[in-house]
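So the structure is just underneath, and the comments pick up after that.
The values are calculated or read from the model by the stated rules, or taken from the named source; none is laboratory data. This is a predicted model, so every value here is computed, not measured. No Cβ is skipped: glycine too gets one built from the backbone with ideal geometry, and neighbour counts run over all protein chains shown. Please note that ligands, DNA and RNA were not included when accessible areas were found on the heavy atoms of the full protein model with its side chains. Shrake-Rupley method; radii C 1.70, N 1.55, O 1.52, S 1.80 Å.
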Amino acid sequence: MTDLTVKNNKIELIEIAPKSWEKTILVIGVFHGDEPDGEFLIKTFLGQKNENFKNRMIFVPCLNPDGKYLNTRTNARGVDLNRNFPTKNWQESEDKDEYYGGSFPGSEAETQFITAVIDKYTPDAILTLHSPYKVVNFDGPAEELADKISKLTGYPVQRDIGYPTPGSFGTYCGIERNIPTITLELPENEEPEYLWLCNKPVFEYFAFIY
């Protein structure tokens, strides 16, 4: 399992596990390099020095470090990671725009990394952090979980994001692997402190309650 991008930037993985745990939760930030708030929330939570976790927490604060440094949705090879997963509905895009899904499914180092993480840790639930829609989107058997997160954040539940997403992470994990998968769409241009205040309960829920 390589954790290096084509630009030799490391994809960080942080595991926090009690001596015994009930569930494993995977939390991922910065699928898209121009959506940095997920990394901010993860790093803020990790800085809280929380103890007595109920669940094992696996954090990938920034899946797309190349894109973050370039401030692009895509990775350094111009691929939208959220269209690059080996799903039944993956298709090669005619246009190499910001939604380009790569030349074949799972072509990107970042995609290969996170699929290997899922195989290794077999999470019971997954939380990915995106922006800018301010909704709780979900895939797979996660409707009840999405309702809970909606109550914690005040963001409405939205099952369909409103446009096709072939090769998406949600399809790969939620629909095809039956893992409850939440895509928490954060609002744009929110003050960091307020963003953390609104979403801190989500992190605490996954770590201590779920």
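The fraction of accessible area contributed by carbon and sulfur in the chain is 45 percent, rounded to a whole number (1.4 Å probe; ligands and nucleic acids excluded).
A cut-off of 5 Å between modelled amide H atoms, ignoring neighbours fewer than 5 places along the same chain, links TYR133 with LEU186. Karplus-derived 3J(HN,Hα) values for the stretch 165-182, using 6.51 cos²θ - 1.76 cosθ + 1.60 with θ = phi - 60°, are 9, x, x, 7, 4, x, 5, 4, 8, x, 7, 8, 10, 6, 9, x, 10, 10 Hz; glycine and proline are entered as x. Expressed in Å, the radius of gyration and Dmax of the Cα atoms of the stretch 86-159 are 15.1, 40. Our summary gives the stretch 83-143 a relative contact order of 25 percent, counting only alpha carbon pairs under 8 angstrom and 6 or more residues apart.
Shown here is the pair-distance distribution of the stretch 51-113: with all Cα-Cα distances grouped in 10 Å bins from zero up to the longest one, the shares run 22, 44, 20, 11, 3 percent.
For the stretch 6-48, the alpha carbon convex hull comes to 108 Å³ per residue, rounded to a whole number.
Counted over the stretch 52-186, the DSSP beta bridges are approximately 45% antiparallel. The distance linking the stretch 76-115 with the stretch 187-210 is 29 Å (Cα centroid to Cα centroid, whole angstrom). Per residue, the stretch 68-138 exposes 46 Å² of accessible surface when a 1.4 Å probe is rolled over the protein heavy atoms with every protein chain present. With each label modelled as a point 7 angstrom along the Cα→C-beta vector, the TYR69-GLU15 pair spans 2.7 nm.
Sorted from longest to shortest, the spans of the Cα atoms of the stretch 120-210 along the three principal axes equal 36, 32, 23 Å. Give me D for the chain in µm² s⁻¹, whole number, from Stokes-Einstein with Rh from the Kirkwood sum over alpha-carbon pairs, 20 °C and 1.002 mPa s. Rounded to a whole number, D works out at 126 µm²/s. Positive contributions from Lys and Arg (+1) and negative ones from Asp and Glu (-1), summed over other residues with Cβ under 14 Å from the Cβ of ASP119, come out at +1.
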